[in-house]
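The values are calculated or read from the model by the stated rules, or taken from the named source; none is laboratory data. In this text the structure is predicted, and so the values were computed from the model without any measurement. All Cβ positions, glycine included, derive from the backbone under ideal geometry; neighbour counts span all protein chains shown. SASA here: full protein model, heavy atoms, side chains in, ligands and nucleic acids out. Shrake-Rupley method; radii C 1.70, N 1.55, O 1.52, S 1.80 Å.
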Amino acid sequence: MKRVTTSTLLTMKQKNEKIAALTAYDASFAKMFDEQFVDVLLIGDSLGMVLKGDDDTLSVSIDDIAYHTRCVRKGTIRSFVVADMPFMSYSTVENTYDNAAKLMAAGASMVKMEGGMWLLPAIQGLVERGIPVCGHLGLTPQSVHVFGGFKVQGRENEQAQKILNDAMELEKAGIQLLVLECVPTSVAKLITEALSIPVIGIGAGSGTDGQILVMHDMFGISANYMPKFSKNYLEDTADMRSAVSAYIEDVKAGRFPGPEHSFE
Ligand SMILES: Nc1nc(=O)c2c([nH]1)NC[C@@H]1CN(c3ccc(C(=O)N[C@@H](CCC(=O)O)C(=O)O)cc3)CN21
Ligand SMILES: CC(C)C(=O)C(=O)O
Ligand SMILES: [Mg+2]
């Protein structure tokens, strides 16, 4: 089985084939997701919330993500593996290089960082050194205390314009994938059409090139709450494999997310 790569994902965008992604934190789920043909697996810092039970993602360490990345990598043969850079692990260009290297050594094929223009030097440096980067704009959970809660971003014109501008600058700096979280459907669609790289949405409507969900939300078992944009795929079946394949089919057919899972 040939592994999904950055060029597979780019081709999928160009051919209008939706990308199906899930978070994963261990080898057993990673293997099952891989066997169901989930294209991208993200070792998300959401693990602070769904594994550790915290109220935010801030206490996650680089060693936490490296540990779970090793676990996930071992479970996969096809899925593209992306690892989140945790809070403050990319606060300077120097710590960014060291910490991104740890995640690549642990088995990631790409690292993800939350933020806009301030990340441009780090992104350019990483890509020049051989580390692919995924951007993350909109609701960036590591800034929850700046936002004053997990809130939809880009509802006002000016803010939407800023997210679009950040996205274009990140693309110029070399990101090869972008996650857009909790932005209005129209804003996400505009950004997806403005970029040549694939855009994966969560709470960003159906106009993006793909979708990602936190696996625990997709199974309806998250410890704290259920975000409006998530769907429990174990509601219609008792079998986890069928739930995952229904999620993938819904994403590929453009049936998920519906308006009830989106913001406008
Ligand atoms: N289980 C889980 N699912 C996630 O999607 C997720 C995590 N954890 N942890 C990391 C971040 C945090 N995320 C969150 C958390 C809460 C909301 C939330 O409560 N959103 C409100 C919308 C608020 C508004 O309208 O502005 C909602 O109703 O969904 C959104 C994203 C997304 N990520
Ligand atoms: C929700 C996704 C995009 C994420 O960053 C995470 O799981 O940490
Ligand atoms: Mg994250």
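Could you rank the peptides 45-54, 130-139, 11-20, 169-178 by their average count of other C-beta atoms within 10 Å per residue, with the highest value first?
Working: 45-54: 18.7, 130-139: 22.9, 11-20: 16.6, 169-178: 20.5.
The densest-packed peptide leads the list: 130-139, 169-178, 45-54, 11-20.
In nm, what is the difference between 0.36 nm times the number of residues separating Ala105 and Arg129 and their Cα-Cα distance?
Details: separation 24, 0.36 × 24 = 8.64 nm, distance 1.39 nm.
Contour length minus Cα-Cα distance gives 7.3 nm.
Using θ = phi - 60° and the Karplus curve 6.51 cos²θ - 1.76 cosθ + 1.60, what whole-Hz ³J(HN,Hα) does each residue of region 252-262 get, with Gly and Pro shown as x?
Working through the residues one at a time gives 5, 8, x, 7, 10, x, x, x, 6, 9, 10 Hz.
Spelling out what I want: for every residue of region 210-216, take phi, set θ = phi - 60°, compute 6.51 cos²θ - 1.76 cosθ + 1.60 (Karplus), and round to whole Hz; glycine and proline get x.
x, 9, 10, 10, 5, 4, 5
Send over a whole-number figure in Å² for the accessible area per residue of region 1-97, probe 1.4 Å.
Details: 4140 Å² over 97 residues.
Result: 43 Å² per residue.
My understanding is that a pair violates if its Cα-Cα distance is over 27 Å; which of Lys18/Lys228; Lys74/Lys172; Lys151/Lys231 do that in this structure? Please report the intermediate quantities before stating the final value.
Working: Lys18/Lys228 21 Å; Lys74/Lys172 33 Å; Lys151/Lys231 18 Å.
Violating the 27 Å limit, Cα to Cα: Lys74/Lys172.
Scan around Ala108 for amide H atoms under 5 Å from its own, H built in the peptide plane at 1.01 Å from N, and keep only partners 5 or more places away or cross-chain.
Long-range HN contacts for Ala108: none found.
If ligands, DNA and RNA are left out, what is the accessible area of Ile43 with a 1.4 Å probe, given in Å² to the nearest 10?
Counting only protein heavy atoms, the figure is 0 Å².
Could you name the aspartates and glutamates whose alpha carbon sits less than 14 Å from that of Lys189, not counting residues in the same chain fewer than 8 places away?
Those aspartates and glutamates meeting the cut-off are Glu181, Asp209, Glu264.
Report in % the part of the accessible area of region 130-264 that belongs to carbon and sulfur, leaving out ligands and nucleic acids; probe 1.4 Å. Write down the numbers at each step before the final one.
Working: 2950 of 5710 Å².
Of the solvent-accessible surface of region 130-264, carbon and sulfur hold 52 percent.
Give a residue-ordered list of calculated ³J(HN,Hα) values for region 35-48 (Karplus: 6.51 cos²θ - 1.76 cosθ + 1.60, θ = phi - 60°; whole Hz; x for Gly, Pro).
Whole-Hz 3J(HN,Hα) from phi for region 35-48: 5, 8, 6, 5, 6, 10, 10, 10, 7, x, 6, 4, 4, x.
Which far-off residues, 5 or more places away or on another chain, put their amide H under 5 Å from the one on Ile19, with H placed in the peptide plane?
Gly210, Gln211
Less than 14 Å Cβ to Cβ from Val40, Lys/Arg counted +1 and Asp/Glu -1: what total charge do the surrounding residues give?
Values: positive: Arg3, Lys13, Lys18, Arg73, Arg78, Lys112, Lys252; negative: Glu17, Asp34, Asp39, Asp84, Asp209.
Surrounding charge for Val40 is +2.
Please give the per residue accessible area of region 207-252, computed with a probe of 1.4 Å over protein heavy atoms only, in Å².
On the way: 2010 Å² over 46 residues.
That works out to 44 Å² per residue.
Leaving ligands and nucleic acids out of the surface, order Thr140, Thr5 by accessible area at 1.4 Å, largest first.
Details: Thr140 15, Thr5 55 Å².
Final ranking, largest accessible area leading: Thr5, Thr140.
So how strong a dipole does region 144-207 carry about its Cα centre when Lys and Arg Cβ are +1 and Asp and Glu Cβ are -1, to the nearest 20 debye?
Numbers: 5 positive and 7 negative charges, 26 e Å.
Result for region 144-207 is approximately 120 debye, rounded to the nearest 20.
Do any chymotrypsin sites (Phe, Trp or Tyr not before Pro) in region 108-184 lie in a DSSP loop with no more than 16 other beta carbon atoms within 10 Å, and if so, which? All intermediate terms of the calculation are to be shown ahead of the outcome.
Details: sites: Trp118, Phe147, Phe150; in loops: Phe150.
Within region 108-184, the qualifying chymotrypsin sites (Phe, Trp or Tyr not before Pro) (loop, at most 16 other Cβ atoms within 10 Å) are Phe150.
Ranking request for peptides 189-197, 236-244: highest mean number of other beta-carbon atoms within 10 Å first, then the rest in descending order.
Taking the mean over residues of other Cβ atoms within 10 Å, the ranking is 189-197, 236-244.
Cα gyration tensor of the chain, axes a ≥ b ≥ c as square roots of the eigenvalues: rounded (a/c below 1.5), prolate (a/b > b/c) or oblate? Let's see the in-between values first.
Details: a/c = 1.26, a/b = 1.08, b/c = 1.16.
Note, shape of the chain comes out rounded.
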